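Below is one structure. I have some questions about it.
Derivation of every value follows stated rules applied to the coordinates shown; laboratory data play no part. These numbers come from a predicted model, not from an experiment. Glycine also receives a Cβ, built like all others from the backbone with ideal geometry; neighbour counts cover every protein chain displayed.
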Amino acid sequence: MKYMLMHYSNEANEADVPPTPEQIAAVSQLMGEVAQSGVLLAAEGVRASSYGARLTVDGEKVTVKDGPFAEAKELIAGFAILDVKSKEEAIEHAKRFAAAVGATQIDIRLVAE
Amino acid sequence: MIPDAGLRRSIDAIWRIESPKVVARLTRLVGDVGTAEDLAQDTFLAALRRWPQSGVPDNPGAWLMATARHLAIDHLRRRDRGAAKLAQVGVSPDRVEVDFDADLDDDVGDDLLGLIFIACHPVLSPEARAALTLRLLGGLRTDEIARAYLISEATAAQRIVRAKRTLAATQVRFELPDAAARRERLPSVLEVVYLIYNEGYAASSGDDWMRAELCHEAMRLGRVLASLLPDEPEVHGLLALMELQASRLRARTASDGTPVLLLDQDRGRWDQLLIRRGLAALERAEELGGSLGPYALQAGIAACHARATTAEATDWGRIAALYDALSQVAPSPVVEVNRAVALGMAFGPEAGLALADELVEVPELRSYHLLPAVRGDLLARAGRHLEARDEFLRAAELTRNARERQVMLDRARQAAADAERPDTSR
C-alpha cells in the first residue's frame, strides 16, 4: 500500500532560508537509507509559498492570490510517497524523516489505488 | 511486560524495516544463515521485553544492531574459544568491548548483498529460494508466505527449514562475491525476484491480499538490488519490467472481475508514477550498455505500450524489432508466439501468419491455447473466416479458463457469421 508523507513548513522555510550543511547531510543520509530499503517511490521538497500561488473558488468566483498566503505551520514543505506493507511502517519512516528535517508535523495519508 | 497492541504493531513495523540488515550483519558475523536467523529472533525478543519498559529507543535500528552484535559475540565465544575467531569481531579474549558505531554505517550494503546471494543460492530449488528470500529479505512471517503461495503454514515453514538445512549441508557461508562471481550468480537472484513478481501478478481480484502484495515485495527487492548494484544493467532492466507491468494493474480487471486485455484497457487508469520510474530504470539499463539483456528487452516492449497514449498509437514496428532481438537472446516458443502477434500488428496479418503457421509444428506449443487464439485472430483479419473459426474452436478446447473459453467461442461464432457475408466469405 502506498502512503504519502507530507511534512509541514516553518518560519525559516517560508523565509526561504537555505538548509544548513548539517541538515542537507542528514536528509541525504536518510534518503539514501530509505531508497536502499526499496520503499521510496517519490520525494520532493517544496519551496517557500512566496514562489507559488493559492487558488480559491467561491461559487462562480475564482480568485488567485500570489504567495505568501498562510502561516508557515499550515503549509507543506515537501512530500514523499512510500510503498510499504502497513500504516505503522509508514509512521516509522515518518518518525525518522521528522528527525532528519526537523519537522514538527508530518501527515501520513493512504494513497488511493 | 507485554506490549499493548499499538506498541506491538510499532515494534513489528520497526522489525520489518530493520530485520534484513540485522540478519545480514549476523550472517556475516557467524557465517551461516540458520544460526543468524535464530540470533535475530533472540534480538527481536529482547526488544519485545525491553521496549515496553524503556520506551522505543530514538534510534531503534542502532539498538537492534548493537544487541544482535552482543548476542553474536556471546554465541561465537561459546562456540569457539579460539582467539582467532574473536579477533574477527574485534574482541580481545579477556573482555567484551563493543564499539557500537564502528561498523554500523559502512558495509550494510555489502551485508545485504551477501545475504541476498545466500538466499538465492542456486543449490536451492526456485521455490525454496523464493521462500527464504521473502523471509530473510522481505521480513515476511511464515503465515504471510503461506497465504501468498496458497500453501499451509506448515508447508511454508518446512520449505524454509529445509532450505536452511540444505545450505548448512552444502556449507554455504557468507561471502562477498567478487565481480566475476557476482556476474555468474546474479541471474539466479534476478530469476527469484521475477518468480516472486509473477506469482503476485497471477493473483486475481478474489485472492488473499498477500498474493498481490508479492508484486510489491518483488519490486522493493528490485529497488534494493538497484541501489546495491547500480552498475548492473539487467538489475535496472528487471526493475523497469516489473514497474512498467505493474503500472497496468489497476486497469486489468473490469468492475465485475473480468480480465481486460491490454489493448482494451482504460489508459487513464495506468499508474503514471510507476511508468515514469520504469522508463527511468530502462534508460539506466540502456546507458549501462544493457539494452540487449532479456529483461531490458522485455521492459522495452512494456515501455512501447506505456508510451502509447492510445492503443492505436502503439509503435508495433519497434515491438516487433524488440521481439526479434529477444528471440535471439532468450528464445522460447512463447516469445515466438508474441513475435507473431507483433509482426501481424506491424506489417499486416500475412506477416504474422508466416511465423504463426510455422509454430503449429512446435511440440511445446501443441497444447498452448494462445497459439490457435493468435492464429485465429490473424486469419480473421486476413479475411479467412472459416479457418479462423476452426482455430478459435481449437483454442476454446485447449484453454482451462472458463472465461477465456467463452471469449473464444464468441469469436468462433463471429467468424462463422463473417464467413456467411457474401463480400467477406472465403
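DSSP H helices in chain B with Cα extent of 30 Å or more along the helix axis and mean Kyte-Doolittle hydropathy at least -0.5?
In chain B, the long hydrophobic H runs are B:5-30, B:33-54, B:179-201.
Another question, if that's okay. Based on the Cβ-Cβ distance of B:T310 and B:T253, what FRET efficiency does E = 1/(1 + (r/R0)^6) give at R0 = 25 Å, to the nearest 0.05?
So the FRET efficiency works out to roughly 0.75.
Relative to the compact globular guide of 2.2 N^0.38 Å, what is the alpha carbon radius of gyration of chain A, as a ratio?
Cα Rg divided by the expected 2.2 N^0.38 Å: 1.17.
Obtain the nm distance between the two label points defined at B:R173 and A:A112 by a simple spin-label model: each point lies 7 Å from its Cα along the Cα-to-C-beta direction.
It works out to 5.7 nm between the two label points.
Please list the three semi-axes, largest first and in whole Å, of the ellipsoid equivalent to segment B:194-306, using sqrt of 5 times the eigenvalues of its alpha carbon gyration tensor.
Square roots of five times the eigenvalues give 25, 16, 10 Å.
Size of the dipole of segment A:2-110 about the Cα centre, Lys and Arg at +1 and Asp and Glu at -1 on the beta carbon, nothing else charged, in debye to 20?
220 debye
Normalised by the number of residues in chain B, what is the relative contact order in percent for Cα pairs under 8 Å and 6+ residues apart?
9 percent.
So, one more: In degrees from 0 to 90, rounded to the nearest 10, what is the angle of the helix A:87-101 Cα long axis to the longest principal axis of chain A?
Tilt of helix A:87-101: around 70 degrees.
Ranked by Cβ crowding within 10 angstrom, fewest neighbours first, how are B:M345, A:M31 ordered?
Lowest count first: A:M31, B:M345.
Of all GluC sites (Glu not before Pro) in segment B:314-372, which ones are in loop regions per DSSP and have a Cβ with at most 14 other Cβ atoms within 10 Å?
Passing both the DSSP loop test and the Cβ count: B:E361.
Could you point to the residue in B:A382, B:L370, B:L353 farthest towards the positive end of segment B:319-420's charge dipole, with +1 and -1 charges on the Cβ of Lys/Arg and Asp/Glu respectively?
It is B:L370.
Whole Å is fine, so just give me how far the alpha carbon centre of segment B:52-68 lies from that of segment B:1-41.
When both Cα centres are located, 11 Å separates them.
Report, in deg cm²/dmol and to the nearest 500, the calculated mean residue ellipticity at 222 nm for the protein assembly as shown, where each DSSP H run with n ≥ 4 adds -39500 (n - 2.57) and the sum is divided by the residue count.
When only DSSP H runs of four or more count, the value is -20000 deg cm²/dmol.
Can you figure out the FRET efficiency of B:E397 with B:V123, using R₀ = 41 Å and their beta-carbon distance, to the nearest 0.05?
Here the calculated transfer efficiency is 0.50.
Taking loop as defined by DSSP and a crowding limit of 13 other beta carbons within 10 Å, which GluC sites (Glu not before Pro) in segment A:15-70 fit?
Answer in residue order: A:E60.
Here is the link list: A:K85/B:K164; A:K61/A:K85; A:K65/A:K85; A:K2/B:K21. Which ones come out longer than 31 Å on Cα distance?
Check vs 31 Å cut-off fails for A:K61/A:K85; A:K65/A:K85.
Turning to a different aspect of this structure: When only DSSP loop residues count, what GluC sites (Glu not before Pro) in segment B:112-194 have their Cβ near at most 10 other Cβ atoms within 10 Å?
The qualifying sites: there are none.
When the Kirkwood hydrodynamic radius is evaluated over all pairs of different C-alpha atoms of segment B:319-420, what value in angstrom, to one decimal, is obtained?
Over segment B:319-420, the inverse of the mean reciprocal pair distance is 13.6 Å.
Okay, next question. In Å, what Kirkwood hydrodynamic radius results for chain B from the alpha-carbon pair distances?
When all Cα pairs of chain B are included, the Kirkwood radius is 24.5 Å.
From the convex hull of the Cα coordinates of the protein assembly as shown, what is the mean projected area in square nanometres?
32.6 nm²
Going by alpha carbons, how many degrees (0 to 90, nearest 10) lie between the helix axis of A:21-36 and the longest principal axis of chain A?
Orientation of helix A:21-36: about 60 degrees from the principal axis.
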